[in-house]
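S.K.: Okay, here's the structure, questions in a sec.
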Amino acid sequence: MREKLTLWALFCLALVLLPSPTASVAVMSVDLGSEWMKIAIVKPGVPMEIVLNKESRRKTPVAVCLKENERLFGDSALGVSVKNPKVVYRYLQNLLGKTAENPQVAQYQKHFPEHQIQSDEKRGTVFFKNSEEMQYSPEELLGMVLNYSSGLAQDFAEQPIKDAVITIPAFFNQAERRAVLQAAQMAGLKVLQLINDNTAVALNYGVFRRKDINSTAQNVMFYDMGSGSTTATIVTYQTVKTKEAGTQPQLQIRGVGFDRTLGGFEMELRLRDYLAKIFNEQKKSKKDVRENMRAMAKLLKEAQRVKTVLSANAEHMAQIEGLMDDIDFKAKVNRAEFEALCTDLFDRVPGPVEQALAASEMSLDEIEQVILVGGATRVPRVQEVLLKAVRKEELGKNINADEAAAMGAVYQAAALSKAFKVKPFIVRDAAVFPIQVEFSRETEEEDGVKGIKHNKRILFQRMAPYPQRKVITFNRYTDDFIFHINYGDLSFLSQDDLKMFGSQNLTTVKLSGVGNSFKKHSDAESKGIKAHFNMDESGVLLLDRVESVFETAVEEKEEESTLTKLGNTISSLFGGGSSEPSANVTEPVQDEEEVPPEAGKDQDEAVEKPEESAPEKPETEEKSQGKNSKAESQTEEKKPDKEGTDKDEPQVEKEAEKSDEGKTNGVKEDEKEADKKPKPQKKSKISVDIGVELEVNDVPDPSPEDIEASKKKLQDLTDRDLEKQEREKTLNNLEAFLFETQDKLYQDEYLAVVTEEEKEEISGKLSAASTWMDDEGYTAGTKELKEKLSELKKLCKAMFFRVEERKKWPDRLAALDSMLNHSTIFLKSAKMLPEDNQIFTDVELKTLERVINETMDWKNETVAEQEKLSPTEKPVLLSKDIEAKLSLLDREVNYLLNKAKFAKPKPKPKPKDKNSTSTESNKTSSTDSEKVVPPKDETEGVEEAKPAEEPPTEENKKETETEQKVEEETEGTETSENSNSENHVSDEL
């Protein structure tokens, strides 16, 4: 009974864990570049695959067009940008998480002067103002793009998708990362992780070279020059031991260098201005082409094309038809001229490499390979300068420069999703910018004068791995206080990068309730105010909680009996754990690391605790960590104090040993004396949650109300787009129905099934609908168009039905006749089988015969009745009825065929052997009286169990051989007859 209950419980659990048929199990990734985005999906049966957009292209422009009543994306939006650049928004990455004073905002305004950019008074950020009704922030526009990418992925996967991994540049700071998450929230996407694009590329590279990774560290540099920026990343590949999955490959980001404004777009802008200068010098127009935004948009598009062609050709002709005032433009551009325009840009190519080496504290000799990523690395001059800078024989070009990040990100999405099982690949990303905690407190000098001491504690160093948790302990505060979270030393950035970086102050944390916690637990020993920080998988820093921790001494409870322990164990198995502790008692978080104090600082401000990073720790460290975690349990032994406590505890331990010794010797002590002995002391940890108020100092996040308002704004636009698409679809269906039906009224097959009255009525209704379409139909709503289409379909339904039925009759009746013929032959063959080999029962044969007769009678009667009817009348011979008869007959025949297929021939009786009979009788007479052997004709298989027989005589041998020969001939004849009969039936069918 217990086994049945266990199996039933497991079965119910499996049902709970299985995804519902309607649940979405597909995941997606979006490689969000500054100019292009690539989308990839993973779904059951379809491993990592790039999503094709509506134009069947593998990459989609990050562009959105916003007209008064229309919204376009991708290539459609780019097409509008040439005609009306004011309503098309591109390169949105440069404005995410930026205040209005940021130099990148001014640079964006210079590149796209057609846009009206204004400052948001509430947050200090910027927004686009097209009109009073059309005002959108960069986050909202990016949310539209992400929503569009989700739609493309869902159409490609043919199922809903909400879980996504999005790539971002590695140099994005906290404000920029939060902005991308806010955009995804507005789009209704669930972000599994924000992954740095260089990390995604490294993961894709490692996944497909898993066999080449071993315990020896391999250092690879990825140089990624895209449209808007350039990043150099040093990655170390190595196998490491893990507790969960054993030895697995790992990639670790060791160094990152970047240039925020070095990319292909800057080259295209240089080439655009050069082409504009040539056009002005041709003096075909008195106007300056640079003042015409539409003409400059055309020149930018042509510059993008010419730059691509010059990567493979020494020279090319730039030409634009009707550039301005119907004047055509044509000019020859060679590669040398293009490279001269971008000389200062090419000089900046080695910069990211040097930064990455400095951050990783490595040399070029330690780098085994430099691999190119990104579209702008295809420029020959870029490769020449880079090859010289890295001092290698050649540059690696063995990955897809456009799609590597999207494929790596979707692998990570599948790994994070619960619906897929992938081979583990450990990813240890790194924080590019250091983060520290700053706080101040009063100090008293020797002369009695009070002063203010400023302290700094590094929370995450530069290139610190994440995800990771950290704990900072404040030991000198007994009342409410304030501390700050800021960026650390950013001296490795240039002055221009520092200006574009924005505010170096992150958050001001105001704590409340500290004083009350000390008053409430005045009799307990304070262990400080602990602030728990978490840098999650997306590289976003979070303050999880702040708590005031105390320790108090409690008496050790008596040891529980074995029965009590067993009961607690059972309850923990079925109840999810032991009894719930009180609200103010906490257990330590084992994956957190306490930040050690800096050298020379006050040693009481923070306590060092060993870091627990599973993949890279050797086994000895893992064992020691296990001991430490046990020592930090909810009730831990009291540690010796500095003054005399360590002298007292050994005495207690000695007394306890004597007590045990007395028990061993059987000496009974007085109960009163036993009560007077001090009981062993233990310490209980008490935790009190502290109130936290956060004040964001870099870029304020939008309020929940603002997020909801933006989501509603985007949803309204989506609904409007869907309504427009539905209306256009209905309008096209109505137009098609009118034209096709009017044409059908003149075809013979339709004229044969309608009367003159029906034809006139249908023709009149169609003409009236066509007139209505010309006058009012193109401005009518979706509902009205659907009603008009439904009315016309209902009018023509009978005519269409009669035509369709007459088309189906010949094939359906021919199939029915064939089935009747074959079924009849099969029935006759089955009845002719000899009685000994008959495998069908009388009931089965009579049932098949009845079905054949009924079907034949129905067919003859219905066909005869249909022939009496006029073609314009409703038919009585219906194709669905013919299919039903076919299905019934086919089912009966298949049942019998399957039975014949698996039927076994009946065994033939074997002739008796004289020797075996005599031997058996002798054996029976010689056996013990208690063992009775049944007669041979009543028991089967006895011959197989009997002992070896005596050698037969010559006379018996001849008789046996003759009988076996006759038996073989008989069996062979019967088998051949049966096989011929079955072959005959199968050939007929």
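S.K.: Out of everything in the stretch 218-272 that is basic (Lys, Arg) and in a strand (DSSP E or B), what residue ends up being surrounded by the most Cβ atoms within 10 Å (Cβ to Cβ)? Break it down into steps so the answer makes sense when it comes.
M.R.: First, pick out the residues of the stretch 218-272 that are basic (Lys, Arg): 241, 243, 254, 260, 270, 272.
From the residues that got through so far, the ones that are in a strand (DSSP E or B) too are 241, 254.
Numbers: Lys241: 16, Arg254: 23.
Checked the stretch 218-272; the qualifying residue surrounded by the most Cβ atoms within 10 Å (Cβ to Cβ) is Arg254.
S.K.: Looking at the stretch 104-112, is at least one residue surrounded by 14 or more Cβ atoms within 10 Å (Cβ to Cβ) and outside any helix (DSSP H, G or I)?
M.R.: yes
S.K.: Counting only residues that are in the same structural domain as Ile39 (by TED's automatic domain parsing) and surrounded by 24 or more Cβ atoms within 10 Å (Cβ to Cβ), give me the strands (runs of 3 or more DSSP E) lying completely in the stretch 119-208 with at least 2 of them. Don't jump to the end; show me each part of the working.
M.R.: Numbers: elements: 126-129, 163-168, 190-196.
Hits in the stretch 119-208: 163-168, 190-196.
S.K.: Against the conditions (1) in contact with a strand residue (DSSP E or B) (Cβ under 6 Å, 6 or more places away or on another chain); (2) exposed (fewer than 13 other Cβ atoms within 10 Å of the Cβ); (3) among the basic types (Lys, Arg), where does Lys510 fall short? Just the number, please.
M.R.: Going through the list (1) in contact with a strand residue (DSSP E or B) (Cβ under 6 Å, 6 or more places away or on another chain); (2) exposed (fewer than 13 other Cβ atoms within 10 Å of the Cβ); (3) among the basic types (Lys, Arg), Lys510 breaks only (2).
S.K.: Given the criteria more than 21 Å from Arg260 (Cβ to Cβ) and more than 35 Å from the chain's Cα centre (by Cα), does Gln135 qualify?
M.R.: no
S.K.: List pairs: first in the stretch 731-758 and modelled with pLDDT of 90 or more, second surrounded by fewer than 13 Cβ atoms within 10 Å (Cβ to Cβ), Cβ under 7 Å, 6+ apart or cross-chain?
M.R.: Listed pairs, sorted by first residue: none to list.
S.K.: I'm told Gly764 meets every condition in (1) in a loop (DSSP other than H, G, I, E, B); (2) farther than 21 Å from Glu804 by Cβ except one. Can you identify the failing condition by its number?
M.R.: All conditions pass for Gly764, except number (1).
S.K.: Let me spell it out: the conditions are (1) more than 29 Å from Lys243 (Cβ to Cβ); (2) in contact with a Phe, Trp or Tyr (Cβ under 8 Å, 6 or more places away or on another chain); (3) of a type in the set (Asp, Glu), and Asp496 meets all of them except one. Which number is the exception?
M.R.: (2)
S.K.: Mind checking which pairs have a first residue in the stretch 372-395 that is assigned by TED's automatic domain parsing to the domain that holds Met37 and over 16 Å from Thr343 (Cα atoms) and a second that is among the small types (Gly, Ala, Ser) and in a helix (DSSP H, G or I), Cβ under 7 Å, 6 or more apart or different chains?
M.R.: These pairs meet every condition: Val373/Ala404; Gly375/Gly264.
S.K.: Note down all Cβ pairs under 6 Å where the first residue falls in the stretch 33-49 and is under 18 Å from Gly375 (Cα atoms), the second is aromatic (Phe, Trp, Tyr), and they're at least six residues apart or on different chains.
M.R.: The qualifying pairs are Ser34/Tyr91.
S.K.: Determine, yes or no, whether Ser76 is more than 22 Å from Asp155 (Cβ to Cβ) and either surrounded by 10 or more Cβ atoms within 10 Å (Cβ to Cβ) or at pLDDT 90 or above (or both). Walk me through how you get there before you give the answer.
M.R.: Details: more than 22 Å from Asp155 (Cβ to Cβ): no; either surrounded by 10 or more Cβ atoms within 10 Å (Cβ to Cβ) or at pLDDT 90 or above (or both): yes.
Judged against the criteria, Ser76 is not a match.
S.K.: Quick check on my filter: what residues within the stretch 79-92 are charged (D, E, K, R), over 28 Å from the mean Cα position of the chain (by Cα) and modelled with pLDDT of 90 or more?
M.R.: Of the residues in the stretch 79-92, the ones charged (D, E, K, R) are 83, 86, 90.
Among the residues that remain, those that are also over 28 Å from the mean Cα position of the chain (by Cα) are: 83, 86.
Once the filter is applied, which keeps residues that are charged (D, E, K, R), over 28 Å from the mean Cα position of the chain (by Cα) and modelled with pLDDT of 90 or more, the stretch 79-92 yields only Lys86.
S.K.: Tell me, please, whether a residue that is in a loop (DSSP other than H, G, I, E, B) and farther than 27 Å from Asn732 by Cα can be found in the stretch 802-819.
M.R.: From the stretch 802-819, those in a loop (DSSP other than H, G, I, E, B) are none; that's our starting set.
There is no residue in the stretch 802-819 that is in a loop (DSSP other than H, G, I, E, B) and farther than 27 Å from Asn732 by Cα.
S.K.: Based on what the data block shows, is Asn53 surrounded by fewer than 18 Cβ atoms within 10 Å (Cβ to Cβ) and closer than 28 Å to Ile161 by Cα?
M.R.: Working: surrounded by fewer than 18 Cβ atoms within 10 Å (Cβ to Cβ): no; closer than 28 Å to Ile161 by Cα: yes.
It is false that Asn53 is surrounded by fewer than 18 Cβ atoms within 10 Å (Cβ to Cβ) and closer than 28 Å to Ile161 by Cα.
S.K.: Which residues, counting only those in the stretch 487-535, are in a loop (DSSP other than H, G, I, E, B), within 30 Å of Asn173 (Cβ to Cβ) and not charged (D, E, K, R)?
M.R.: Once the filter is applied, which keeps residues that are in a loop (DSSP other than H, G, I, E, B), within 30 Å of Asn173 (Cβ to Cβ) and not charged (D, E, K, R), the stretch 487-535 yields Gly488, Leu490, Ser491, Phe492, Leu493, Ser494, Gly502, Ser503, Gln504.
S.K.: With the checklist (1) touching a strand residue (DSSP E or B) at 6+ places or on another chain (Cβ under 8 Å); (2) surrounded by 22 or more Cβ atoms within 10 Å (Cβ to Cβ); (3) touching a residue at least 24 places away in the same chain (Cβ under 8 Å) in hand, flag the one item Leu96 doesn't pass.
M.R.: Of everything listed in (1) touching a strand residue (DSSP E or B) at 6+ places or on another chain (Cβ under 8 Å); (2) surrounded by 22 or more Cβ atoms within 10 Å (Cβ to Cβ); (3) touching a residue at least 24 places away in the same chain (Cβ under 8 Å), Leu96 misses just condition (1).
S.K.: Let me ask something else. Going by the conditions given, is Ser823 of a type in the set (Ser, Thr, Tyr) and in contact (Cβ under 8 Å) with a residue 12 or more places away in the chain?
M.R.: When the stated conditions are applied, Ser823 passes them.
S.K.: Here's another thing I want to ask about it. Keeping to the stretch 719-760, report how many residues are over 13 Å from Leu789 (Cβ atoms), β-branched (Val, Ile, Thr) and surrounded by 17 or more Cβ atoms within 10 Å (Cβ to Cβ).
M.R.: 2
S.K.: Checking Arg90 against (1) under 22 Å from Gly263 (Cα atoms); (2) surrounded by fewer than 18 Cβ atoms within 10 Å (Cβ to Cβ); (3) basic (Lys, Arg), which test does it fail?
M.R.: Failed condition: (2).
S.K.: Being assigned to a loop (DSSP other than H, G, I, E, B) and touching a residue at least 60 places away in the same chain (Cβ under 8 Å) is the filter here; which residues of the stretch 448-479 pass it?
M.R.: Answer for the stretch 448-479, where residues must be assigned to a loop (DSSP other than H, G, I, E, B) and touching a residue at least 60 places away in the same chain (Cβ under 8 Å): Arg462, Met463, Pro467, Asn475, Arg476.
S.K.: Filter the stretch 767-795 for residues that are outside any helix (DSSP H, G or I) and more than 14 Å from Glu735 (Cα to Cα) and give the result.
M.R.: Gly781
S.K.: Any residue in the stretch 560-568 that is modelled with pLDDT under 90, part of a loop (DSSP other than H, G, I, E, B) and farther than 30 Å from Lys190 by Cβ?
M.R.: Initial filter on the stretch 560-568 (modelled with pLDDT under 90): 560-568.
In the following step, the residues that additionally are part of a loop (DSSP other than H, G, I, E, B) were identified as 560-561.
Applying the additional criterion that residues be farther than 30 Å from Lys190 by Cβ yields 560-561.
Yes, the stretch 560-568 has at least one match.
S.K.: Another question, then. Just need a number here: residues in the stretch 515-542 that are over 12 Å from Asn475 (Cα atoms), touching a strand residue (DSSP E or B) at 6+ places or on another chain (Cβ under 6 Å) and either surrounded by fewer than 15 Cβ atoms within 10 Å (Cβ to Cβ) or among the aliphatic types (A, V, I, L, M) (or both).
M.R.: 4
S.K.: Is it the case that some residue within the stretch 58-68 is over 16 Å from Ser149 (Cβ atoms), touching a helix residue (DSSP H, G or I) at 6+ places or on another chain (Cβ under 7 Å) and either at pLDDT below 90 or assigned to a loop (DSSP other than H, G, I, E, B) (or both)?
M.R.: Within the stretch 58-68, one or more residues are over 16 Å from Ser149 (Cβ atoms), touching a helix residue (DSSP H, G or I) at 6+ places or on another chain (Cβ under 7 Å) and either at pLDDT below 90 or assigned to a loop (DSSP other than H, G, I, E, B) (or both).
S.K.: Only one residue in Thr779, Thr824, Thr872, Thr862 is modelled with pLDDT under 90 and over 21 Å from Gln747 (Cβ atoms), so which one is that?
M.R.: Only one candidate qualifies: Thr779.
The values are calculated or read from the model by the stated rules, or taken from the named source; none is laboratory data. Here the structure is a predicted model, which is why all the values come from computation and not from measurement. Every residue, glycine as well, gets a Cβ built from its backbone with ideal geometry; the counts of neighbours run over all protein chains shown.
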